[in-house]
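Each value in this text was obtained by applying a stated rule to the coordinates, not by laboratory testing. In this text the structure is predicted, and so the values were computed from the model without any measurement. Neighbour counts are summed over all protein chains in view; Cβ atoms, including those assigned to glycine, are modelled from backbone coordinates with ideal geometry.
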Amino acid sequence: MKIVVLMKQVPDTYGERILDPSTGLVDRSGSDAVIDEIDERALEVALSYKDAHKDVEVVVVSMGSTAVTVGLRKGLAMGADSAVHVLDSALAGADVGWTSTVLAAALTTTGFDLVIAGNESTDGGGGVVPAMVAERLGVPHVTYLESVQISDDGVVGERSTGRGKLRVHAALPAVISITERLPEARFPKFKGIMSAKKKPFTVASLGDLGIDPAVTFAGVGRSVVLQTTKRPARASGKKIVDEGNAGVELADFLVAGHLL
Amino acid sequence: MSNILALIEISNHGDLEDSTPSLLAAAAKLGTPVAVVVTAPGAGAALVDHLGRLGAAQVYLAQGEQVGTFLVTPQVDALAAAVLAFDPGAILTVNSVEGRDVAARLAARIDAGLVIDAVDLRFEGTNVVATHSVFGGAYTVESTVEGGPTIVTVRQGAIEGQADAVAPVVTTASLGSETGRSAIIDEVIDNVVVSARPGLRGATKVVSGGRGLGSQEKFELVERLADALGAAVGASRAAVDAGFVSQASQVGQTGVTVSPQLYVALGISGAIQHRAGMQTAKTIVAINKDADAPIFDIADFGIVGDVFTVVPQLIEAIESRSKK
Ligand SMILES: Cc1cc2nc3c(=O)[nH]c(=O)nc-3n(C[C@H](O)[C@H](O)[C@H](O)COP(=O)(O)OP(=O)(O)OC[C@H]3O[C@@H](n4cnc5c(N)ncnc54)[C@H](O)[C@@H]3O)c2cc1C
């Protein structure tokens, strides 16, 4: 079985995340770029299945700038068998439509039985790319899974919606996305880091994937940012140290603000 | 005025979801609201009057045996058919798990541009312009779609007001048979707890607890204060991971974003990912033992103290006031 994990490079959420006011795009110089934590959990789902099924092949795929290399190497060090990096300057500012088209093309070249992605990225936060990829590939999708059982011919899991949980299954090939209720990823070990250097690492341009933006995206709607404004930062107010009466003082504060 | 399709969400019990008034209000802001309702055969007609009261000028009832068994694809098929029937100026879904799934597959199918998590909408010429609140409200962004149809997922409850009531024109359509591209729903586990407490999304007051509460038993203190204030219960990811409270209560980057009148953070350090979900609250109160906790940087009223002494005293003060 071949499992492909989709990974996205995002600004580290522990740093300040900045939007470039002129383009409305994420300013990737503002904070360290890391593989989104949720995508590492997605890789963990694939790797833990591989732990128990030695014939499973795991491929990590990412579309992004040259900075992506580090994250894909980490994926290989954790245990993925090969990596594909889609790198093309024409993709700067790609929206979810473009991104899903490119990823679907990459998946067609790698081949797959199961595609695993994070439910939503911490920078875009759209949560739509996995289902879009599934539609383009003509396969079922199950997103936002909180539990996953993979077998030779299908995937079963539970997903939460606003109104309770659904237990669902899909036949393979399929695309799934997982939530942060699934376990954290393993750390790469020294042996993994060393062997990662010898694993296949493909860099593909749009041309390599058979995509000519002027043709492929003609007549396709594309979302674009018109304007970006930064809200003024929040200032801190009153701070007291409890000396036995803080609960009462807080009640007074709430009364004064008509919050009681 | 152009037609605006709005995919209506139906509860497990067959009623309109709470998201419906706001979604139809959003559609009415842009044009003529067309409610698209996807149900098992015969189940949709009962909803028409209610949709009319909420402003749906047209109701498109798409019905098929597969609804409720096939995940998401019946809704995608129904909207794709409604797009052909109504030539809409925009297609709206709720920014829920299901709404986003449907919007995603539809956008890929009809080559539409997809705009996610709008908090406001307007037309500028023939373009729909959406407003977004990004990175926990740190930025306001406006976006639009170029060169193709527009699909927008609208944040639950973000657009207020209600469209004027009308008597809807009803169209009924049957869904074609399955295409083999669908996951299957095996079971619906309806575990939405019926609680007297307000829901987190859209609550005017929220009391959240963090790792500092120490255990599931002691987290009860958060619930007691929430009840005294008539507030919803929230939590940090650390509190959810530790099993103090269910995931649905998580506030932050990867949880719910709230924007209440009052947000009370108990035993929460104020990590940037937590702040991303609550920093647009009107008034923020924090109680934390650590005087250097970053939550104090954004608190309007901060107390350096132990939640287990300050909060019981606060609850007592609130209760004695309400007795007066
Ligand atoms: C990709 C990503 C996404 C994330 N998403 C979220 C998210 O959506 N929401 C979220 O909350 N976090 C999120 N996090 C986690 C975040 O980084 C923090 O780890 C988390 O918010 C910490 O929770 P906490 O404040 O409860 O715990 P801690 O940081 O451990 O803080 C506990 C606080 O309690 C105080 N305390 C202890 N005992 C007492 C007492 N008796 N009285 C008063 N104060 C006391 C301590 O001084 C401390 O400040 C995310 C992280 C990542 C990497």
Round to a whole angstrom and tell me the spacing of the C-alpha centers of region A:1-26 and region A:140-202. 20 Å
Averaged over its residues, how many other protein chain Cβ atoms are within 10 Å of peptide A:232-238's Cβ atoms? 6
Check every DSSP H run in chain B and write down those whose alpha carbon atoms cover 18 angstrom or more along the long axis and whose mean Kyte-Doolittle hydropathy is 0.5 or greater. B:73-86
Using only C-alpha positions, report the orientation-averaged shadow area of the convex hull of region B:93-239, nm², one decimal. 14.3 nm²
Per DSSP H run of at least 4 residues, take -39500 (n - 2.57); add these up for chain B, divide by its residues and hand me the 222 nm value, nearest 500 deg cm²/dmol. -7500 deg cm²/dmol
Environment charge of residue B:212, counting only residues whose C-beta is closer than 11 Å and scoring Lys/Arg +1, Asp/Glu -1: +1
Expressed in angstrom and rounded, the centroid-to-centroid distance over alpha carbons for region A:33-57 and region B:202-251 is 31 Å
Most mobile of B:212, B:270, B:125 in a GNM of chain B (Cα contacts under 10 Å): B:125
Per residue and in cubic angstrom, what volume does the convex hull of the Cα atoms of region B:1-91 have? 83 Å³
Residue (of A:43, A:79, A:148) at the positive-pole extreme of region A:2-216, dipole from beta-carbon charges: A:79
How much FRET efficiency would the formula 1/(1 + (r/R0)^6) give for residue A:67 and residue A:195, where r is the Cβ-Cβ distance and R0 is 22 Å, rounded to 0.05? 0.45
Take chain A, connect every pair of alpha-carbon atoms lying under 10 Å apart with a spring to form a Gaussian network, then pick out the residue of A:238, A:74, A:54 with the largest mean-square fluctuation. A:238
Rounded to the nearest 5, what % of the DSSP beta bridges within the protein assembly as shown are antiparallel ones? 35 percent
Would you mind working out the magnitude of the charge dipole of the protein assembly as shown relative to its Cα centre, with +1 at each Lys and Arg C-beta and -1 at each Asp and Glu C-beta, to the nearest 20 Debye? 700 debye
State the answer as a single residue: which of A:241, A:201, A:182 lies farthest towards the positive end of the charge dipole of region A:179-260, with beta carbon charges of +1 for Lys and Arg and -1 for Asp and Glu, about the Cα centre. A:201
Name the residue, out of B:295, B:151, B:110, whose mean-square fluctuation peaks in a Gaussian network model built on chain B with Cα pairs under 10 Å. B:110
In nm, to one decimal, how far is the modelled label at residue A:110 from the one at residue B:12, with both set 7 Å along Cα→Cβ? 3.5 nm
In deg cm²/dmol, rounded to 500, what helix-only [θ] at 222 nm does chain A give when every DSSP H run of at least 4 residues adds -39500 (n - 2.57) and the total is split over its residues? -8500 deg cm²/dmol
Chain A: antiparallel bridges as % of DSSP beta bridges, rounded to 5, reads 40 percent
Dipole moment magnitude, nearest 20 debye, region B:252-321 about Cα centre, only Lys, Arg, Asp, Glu C-beta charged: 220 debye
In units of 2.2 N^0.38 Å, the Cα radius of gyration of region B:3-174 is 0.95
Suppose we take every Cα in chain A and form the convex hull; what volume per residue is that in Å³? 204 Å³
Dipole magnitude of region A:3-132 about its Cα centre, charges +1 at Lys/Arg Cβ and -1 at Asp/Glu Cβ only, in debye to the nearest 20? 200 debye
Given C-alpha coordinates of the protein assembly as shown, what is the ratio Rg to Rh with the Kirkwood estimate of Rh? 0.97
In what sequence, highest mean first, do B:273-279, B:286-292 appear when ranked by Cβ atoms within 10 angstrom? B:273-279, B:286-292
